[in-house]
Amino acid sequence: MIKYIVKRILVGILTLFILATITFFGVHYMPGNPFEQDNKRMTQAQYDSLNAKFGLDQPLGTQYVMFLKSAVKGDFGESIFKKGRQVSEIIKTEFVPTAKLGAVAFVVAIVVGMTLGIVGALTKRKWLNSIITFIASIGVSIPSFLFAMIMMVLFGVTWKILPVSGLDKPINYVLPASALALNNLSMVTRLTRQSLRDELHKDYITLGKSKGLSDRRVTVKHALKNALLPVITHAGPMFANAITGSLVIESLFTIHGIGKEFSSSITNRDYPLVMGLTIFFGVLVIVMNLVSDITSALVDPRIKLGK
Amino acid sequence: MSEELVKDIVLDDDMFELLPEEEKNSEFIAMESKTFLQDAWRKFKANKAAMIGLSFMVIMLIGSILIPMFSPYEYDAQDLSIKNLNPCWEHPLGTDKLGRDILVRIMYGGRVSLSIGVATAAINLFIGIIYGGISGYVGGRTDMIMMRIIDIIYSVPSLLYVVIILMIFGNSLGSMMFAICLTSWIGMARQVRAQVLSLKEMEFALAAKVIGASDMRILMRHLVTNAIGPIIVTLTMMIPSAIFTEAYLSMLGIGLDPTIPSWGKLANDVRSLAFTYPIQVVWPTLVICLTVLSLNFIGDGLADAFDINKR
């Protein structure tokens with residue numbers, strides 16, 4: 001177990017290192033210069049001193065070593081576009097709204113998805129099952145940002161019952177959170193329904209019933225417990241899904257979070273910010289994958305790690 | 001005595017009649033012989049959702065080829081006197097803010113988006129078969145190293161790489177395809193590897209080896225052809241995900257060249273119009289959603305038809 005965890009952490013660090021390297025060189029070979037907008041008004045001396053300030057005049061190898069050294073400490077330097085602000089500080093402040101929205105969406109996806117999945121596995125009513133199948137396949141197929149646009153037009157513009165921008169009040173969360181939750185919700189629904197159905201056909205359920213346990217007790221105490229494991233295993237990928245989803249959802253709903261920061265940093269060619277955010281996302285996803293793998297191994301003794 | 005009786009009987013042609021054609025094989029109990037693909041097609045036809053999806057895709061394909069060819073309007077012909085029209089007889093889906101016909105633009109965008117989908121799926125098929133085939137067939141240490149590489153690429157959301165690639169190589173159609181392929185081949189490679197791993201232990205693979213077939217021939221002629229079902233299903237699922245990625249990147253503002261009206265581009269262009277002309281927002285989103293949904297239905301139908309255990 002410990003061996004497995006150590007190995008996973010080492011692979012995670014290697015992955016991050018590769019990602020950081022690709023990002024660094026990628027960003028530096030991008031056409032365009034962060035000071036382009038100001039170029040016309042800048043003298044050559046000013047331009048040189050700006051380049052020197054951000055270390056852009058050094059050879060690429062030196063820049064790379066400098067970047068790695070400070071990145072290990074969580075320091076990605078100063079943003080080029082937002083003058084005087086540290087990248088790590090920007091990430092810290094902008095992450096709050098993103099995390100709030102993501103948490104709401106995650107809870108919605110898990111709660112609603114599991115409910116639908118359980119109902120779908122237990123119900124004998126055909127129409128109910130068809131509705132759930134429909135939701136599950138729509139949610140997997142439709143990109144979240146297109147769903148968001150349709151919701152905006154329907155609820156925000158045509159019927160005018162829900163606000164479509166910002167995150168000031170709880171009601172503002174409804175549209176962006178449901179758009180962000182959609183894909184994961186149907187994923188959870190599918191997983192729960194499928195695994196609960198499988199569990200209900202196993203021998204231990206027949207045993208429980210034949211020794212006189214009520215249907216409800218067998219389902220809730222025995223089948224459901226085992227059926228929820230796949231959901232834990234898939235929590236990591238679902239988290240990654242929510243992160244990439246939030247990049248566009250935030251700019252659609254004008255939420256000033258980390259996703260909006262990412263897309264604007266790309267347009268502005270703000271090298272330190274792009275790198276900082278990419279690595280931040282990478283760390284988040286890798287850690288989440290690791291946590292969900294280890295948790296599911298701890299909860300389910302059937303999974304043998306480090307084979 | 002009995003012999004004489006028999007001699008007296010004259011066998012005349014009138015005493016016989018031809019057996020009707022349909023009764024000839026009435027004792028023969030077997031289904032009509034069908035090839036693998038015929039059988040799959042029969043099962044696929046019985047799947048309603050998949051057939052609806054297929055019909056929609058056929059209509060979209062024909063529409064995106066023919067409508068821009070035969071429409072009186074060019075996809076980029078501007079006419080400010082008729083801008084932002086609602087749907088009417090001359091412009092079935094209305095016109096956009098520069099007076100361009102939306103139907104023609106969407107169909108032209110269909111050419112771009114569908115060809116991105118098909119082309120990336122084809123490239124993925126090529127890379128996936130080679131990488132997954134070698135990894136599964138050679139096995140051992142090679143397999144382990146090749147799979148670790150895949151794990152590392154896979155553990156970071158692909159969009160982070162895609163964004164960087166697109167920014168370095170610009171926003172042409174080619175770099176978009178390259179960026180999408182960069183990570184999406186992994187799904188195909190894994191599928192091919194899993195199939196090859198189980199198929200190479202089968203008797204026919206051994207038989208081929210015994211009669212002296214080369215490794216390359218066994219892999220391509222015997223193993224990959226036997227894995228055709230799962231490969232086709234994976235391939236079908238790749239087209240919608242490529243269309244999705246393209247649309248997503250356009251929404252982030254790093255999509256294709258602005259002059260190329262892909263579906264993602266069209267959806268991105270109308271974002272700000274939600275309050276003024278909501279009808280214009282509906283068309284591109286609807287088309288992308290329906291296409292992705294149809295292709296997914298087709299994929300599910302194929303998976304059932306090829307009898308592949310789904311997740």
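The values are calculated or read from the model by the stated rules, or taken from the named source; none is laboratory data. All figures in this text were calculated on a predicted structure; none of them were measured in a lab. Cβ placement follows ideal geometry from the backbone for every residue including glycine, while neighbour counts extend to all protein chains displayed. Areas reflect the complete protein model, heavy atoms only, side chains present, ligands, DNA and RNA absent. Shrake-Rupley method; radii C 1.70, N 1.55, O 1.52, S 1.80 Å.
Observations on the model:
- Where a label projected 7 Å from the Cα of B:Leu11 along Cα→Cβ would reach, residues of the range B:18-33 with amide N under 20 Å: B:18-20
- B:Phe70-A:Val220 pseudo-label distance in nm [points 7 Å out on the Cα-to-Cβ vector]: 6.3 nm
- On chain A, 66 percent of the accessible area sits on carbon and sulfur atoms, based on a 1.4 Å probe.
- Summarising the overall dimensions of the range B:1-112 from its C-alpha atoms, the Rg and Dmax are 33.1, 111 angstrom.
- Once you divide the Cα radius of gyration of chain B by 2.2 N^0.38 Å, the number left is 1.46.
- As a length-normalised measure over Cα pairs under 8 Å and 6 or more apart, the relative contact order of chain B settles at 23 percent.
- Estimated buried accessible area (total), pair B and A, 1.4 Å, Å² to nearest 100: 3500 Å²
- Globularity index of the protein assembly as shown is 1.17 (Cα radius of gyration / 2.2 N^0.38 Å, N = number of residues).
- Globularity ratio of the range A:206-306, using Cα Rg and 2.2 N^0.38 Å: 1.63
- In terms of distances greater than 32 angstrom between alpha carbons, the cross-link table entries A:Lys225/B:Lys48; A:Lys160/A:Lys260; A:Lys7/A:Lys73; A:Lys211/B:Lys48; A:Lys126/A:Lys160; A:Lys126/A:Lys211 yield A:Lys225/B:Lys48; A:Lys211/B:Lys48; A:Lys126/A:Lys160.
- Alpha carbon centroid spacing (whole Å) that separates the range B:52-91 from the range B:131-151: 47 Å
- Chain A: translational diffusion in µm²/s, Stokes-Einstein, Kirkwood Rh over Cα pairs, 25 °C, 0.890 mPa s: 110 µm²/s
- Derived scalar couplings between HN and Hα for the range A:90-101 equal 4, 4, 4, 6, 6, 6, 4, x, 4, 5, 4, 4 Hz in order, rounded to whole Hz, by the Karplus curve 6.51 cos²θ - 1.76 cosθ + 1.60 (θ = phi - 60°), x for Gly and Pro.
- Residues in the range B:234-257 occluded by at least 30 Å² - accessible area, probe radius 1.4 Å, against chain by itself: B:Phe244, B:Tyr248, B:Met251, B:Leu252
- A 1.4 Å probe run over the range A:233-307, with the rest of the protein chains in place, finds 36 Å² accessible per residue.
- Residue-normalised accessible area of the range B:72-187, given per residue in Å² at a 1.4 Å probe: 44 Å²
- Label-zone membership for the range B:275-301, site B:Ala122, 7 angstrom Cα→C-beta point, backbone N under 20 Å: B:295
- Surface composition of the range B:1-131: carbon plus sulfur atoms hold 64% of the accessible area, using a 1.4 angstrom probe and ignoring ligands, DNA and RNA.
- For chain A: relative contact order, % (alpha-carbon pairs under 8 angstrom, 6 or more apart): 26 percent
- The HN-Hα couplings worked out from phi for the range A:70-80 by the Karplus form 6.51 cos²θ - 1.76 cosθ + 1.60 (θ = phi - 60°) are 7, 5, 4, 7, x, 10, 10, x, 9, 5, 7 Hz, whole numbers, x standing for Gly and Pro.
- Point-charge dipole on Cβ atoms (K/R +1, D/E -1) for chain A, about Cα centre, debye to 20: 1500 debye
- Chain A - mean residue ellipticity at 222 nm from DSSP helices (-39,500 (n - 2.57) per run, n ≥ 4, rounded to 500): -23000 deg cm²/dmol
- Phi angles across the range B:92-104 convert, under the Karplus curve 6.51 cos²θ - 1.76 cosθ + 1.60 with θ = phi - 60°, into 3J(HN,Hα) values of x, 10, x, 10, 9, 5, 10, x, 8, 5, 6, 4, 5 Hz, Gly and Pro given as x.
- Our estimate of slack between A:Lys100 and A:Leu207, defined as 0.36 nm per intervening residue step minus the Cα-Cα distance, is 34.1 nm.
- FRET efficiency for the pair A:Thr123 and B:Gln38, taken as 1/(1 + (r/R0)^6) with r the Cβ-Cβ distance and R0 = 45 Å, rounds to 0.75.
- Residues B:Trp89, B:Trp41, B:Trp263, sorted by accessible area with the largest first, give B:Trp89, B:Trp41, B:Trp263 [1.4 Å probe; ligands and nucleic acids excluded].
- Here the simple spin-label model places points 7 Å from the Cα toward Cβ, and for A:Leu154 and B:Ile82 these points are separated by 3.2 nm.
- Residue among B:Ala274, B:Phe244, A:Ile249 farthest towards the positive dipole end of the protein assembly as shown, charges placed on Cβ: A:Ile249
- Occluded residues from the range B:143-186, i.e. those whose accessible area drops by 10 Å² or more once the chain is not alone (1.4 Å probe): B:Arg148, B:Ile152, B:Ser155, B:Val156, B:Pro157, B:Leu159, B:Leu160, B:Tyr161, B:Val163, B:Ile164, B:Met167, B:Ile168
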